[in-house]
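The values are calculated or read from the model by the stated rules, or taken from the named source; none is laboratory data. What you are looking at is a predicted structure, and each value in this text was computed from that prediction instead of being measured. Because the Cβ atoms are built from the backbone with ideal geometry, glycine has one as well, and the counts that use them run over all protein chains shown. Protein only, heavy atoms only, side chains kept; ligands, DNA and RNA dropped before computing areas. Shrake-Rupley method; radii C 1.70, N 1.55, O 1.52, S 1.80 Å.
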Amino acid sequence: MGLLARSVFGEIFAGAAVGTMLFTFVLFLQRASLLFEQLVRGSASPSTVGYLFLLVLPFVLMFTVPVGVLVGILIGLSRMSSDGEIVALRAAGVSTRRLLGPVVFFALLGTALTALCSIWLNPWAVRETIRVLNQIAADQMTAEIQPRVFAEQFPNKTLYVGDVVPGPVTRWRNVFIADMTPPEQRKRTTQEAAGDAPRVTIATEALAVPDSAHNAIQLRLLNGSSHEVGKELERYFNIRFPTLDQLLEAKAPEAQRAKAFTGLDTEPLRAEARVSRDADIELQRRFALPPACLLLALA
């Protein structure tokens with residue numbers, strides 16, 4: 001690349017960089033509203049929120065890079081024209097066609113970056129964002145348990161906690177669990193204890209560890225007892241224990257889902273496009289954005 005081409009490329013690059021950053025900032029704020037909610041609620045660590053912010057960039061860049069290329073070319077060539085540099089080039093016998101080379105080269109770089117974001121990075125970022133948001137929703141189950149409030153989000157179980165001690169491992173104090181599972185489905189140590197009344201378990205303390213893979217909370221109850229009435233009302237079963245492991249399965253949270261076909265890789269999307277109009281529209285959108293850099297540069 002000669003001196004003239006480097007000079008023109010530098011002029012275009014400076015304007016394009018400023019324009020891309022400006023448009024990226026505007027679209028980023030609009031796209032990241034859900035992530036700001038996660039940050040304010042404190043339900044995710046700062047590193048996780050920062051990771052989610054990075055996952056927004058591929059979607060934003062595939063729109064802002066073509067616009068940034070157009071802005072950079074307009075600003076760069078307009079400045080050269082207003083300062084009389086293009087007139088000086090003509091006077092020196094240099095054809096203005098020499099300016100086309102760096103412009104096309106810069107547009108091709110923008111096309112490659114847009115294609116990388118549109119065809120490969122954005123589908124992966126959509127899937128990764130959904131995975132992280134669902135992980136956050138599952139991990140905050142223990143945070144939703146409030147002290148001295150009956151929690152009923154566990155099927156067939158009612159939970160009451162006297163106090164919550166936060167920490168690396170959440171500790172509950174004065175725990176009360178009423179198991180209203182039907183008798184025939186209830187796990188029990190003796191066949192006789194099969195009454196219709198709920199099984200009540202109390203403990204002075206419990207260690208609560210969220211199990212996001214199974215949408216549950218793993219409890220280790222300390223210094224407690226279990227109480228259950230048999231089929232015959234005069235039969236009563238009382239079991240004391242120093243420690244007891246119990247699993248609280250929560251109701252499935254409303255999972256975050258991507259729009260149809262947006263998180264699908266391009267190759268599987270090609271197969272879906274043969275039978276689905278929505279998939280075909282998504283496929284055409286991915287391939288329509290990258291050539292915009294070249295078309296805007298030549299316009």
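The protection proxy used here, the mean number of other Cβ atoms lying within 10 Å of each residue, ranks peptides 74-80, 272-278 as follows, highest first: 74-80, 272-278. Taking the 1.4 Å solvent-accessible surface of the range 69-138 as the whole, the part contributed by carbon and sulfur is 68%.
Counting only protein heavy atoms and a 1.4 Å probe, the range 75-126 has 56 square angstrom of accessible area per residue.
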